[in-house]
Amino acid sequence: MARYKVGLIGGDGIGPEVIGETIKVIEATGVELETVAYDLGADRYLRTGDVLPDATLLEIKSLDAVLLGAVGPPIGSTQVPSGILERGLLLRLRFELDLYVNMRPFVTPRGWNRFRIEPMDLVVIRENTEGTYAGEGGFLRKGTEHEVATQGSVNTRFGVERVVRYAFELADSRPRKHLSLVHKTNVLTYAGDLWQRTFNDVANEFPEIDTAYSHVDAACIHMVENPNRYDVIVTDNLFGDILTDLCGAVSGGIGLAASANLNPDRTGPSLFEPVHGAAHDIVGTGKANPVAAIRSGALMLEFLGEKEAAMRINRALEEYEIPEGAKTSTIGDAIAERV
């Protein structure tokens, strides 16, 4: 099989633990990886003051893919200023690598159907490099009683169209062939108008796809009451961030939620990571659930073209009912054995 050069950013907290189990499962498929470990995250920042050195970023750009565990200090810590890691590491990687598609599939596995009888199977496609996360804004008279803070939302036809087109192509590959736009067009009349017009224009190229629209607040209600009304959702950066956390909760737990930050044009590596945080409170206890990271590893293999290996991992995840109290390494071993 092909050999891929993959960067590993274990990061902080349980990140290294779940990434270790992911590599164990990938190796069980027979796919050969050359892994390069990168010391990035809150611990690195606290030791050195560095977030993402330019030389490290340049090296990462030469890789085939990146696996990231989790980054962040313990909850409540004030040693790492808010936004330092988010903007300096996570968002910088998304912007510099042009990871404009954030894909998050949600499938309720066996033994984890906590909220409903019907299983959940949907994908959220989130625009990943624009919107409010582009960083437009600033302060006026900061620190005074007359302080003003502005935070803009950047939406370009180019950025919206490429992610909407990706979502249509994905919907076309799925049995239901259904795509919903989620936004807030009744209030965000400029950005929402651009998104709706772009969605409608691209829809004309895909007449076989059924389309729908939901305001984001209504989508949150539907996600709890009847998530199976959705198949593929496309939405903007901020709405996608919030909605996918809700999707993770109702599909079985955030510890099962995988994500792929994709550069579909393949001008650089794509990045794959579980949605959960660093969970410093359970480091070393064996309580970390590696399923989200392992699912992210399967997404990576599929994107690299190793579809059969990815399918074997996903099948193993479907077949394995995680016992109550199972340890991190036990779960990884069981999934690797079934692969």
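Kirkwood Rh over alpha-carbon pairs of segment 196-339, then Stokes-Einstein at 10 °C and 1.306 mPa s: what D in µm² s⁻¹, rounded to an integer? Approximately 91 µm²/s, per Stokes-Einstein.
Given R0 = 41 Å, the distance between the Cβ atoms of Leu57 and Glu324 translates into a calculated FRET efficiency of 0.45.
If you wrap the tightest convex hull around every Cα atom of the chain and split its volume per residue, you get 150 Å³. Per 5 Å bin from zero, what fraction in whole % of the C-alpha pairs of segment 1-75 is there, up to the bin with the longest pair? The distribution over segment 1-75 is 3, 15, 24, 24, 17, 10, 5, 2, 0, given as percents.
In the elastic network of the chain, a GNM with C-alpha springs shorter than 10 Å, the most mobile of Thr56, Thr328, Thr35 is Thr56.
The lysine pair count for the chain, using Cα distances under 20 Å and pairs eight or more places apart or on different chains, is 7.
Once the mean of 1/r is taken over each pair of separate Cα atoms and inverted, segment 9-122 shows a Kirkwood hydrodynamic radius of 16.4 Å. The alpha carbons of segment 108-256 give a radius of gyration and a Dmax of 17.2, 57 Å, in that order.
Each value in this text was obtained by applying a stated rule to the coordinates, not by laboratory testing. It should be emphasised that the depicted structure is a prediction, and the values quoted were computed from it without experimental measurement. Cβ sites come from the backbone with ideal geometry, for glycine too, and all protein chains shown count toward neighbours.
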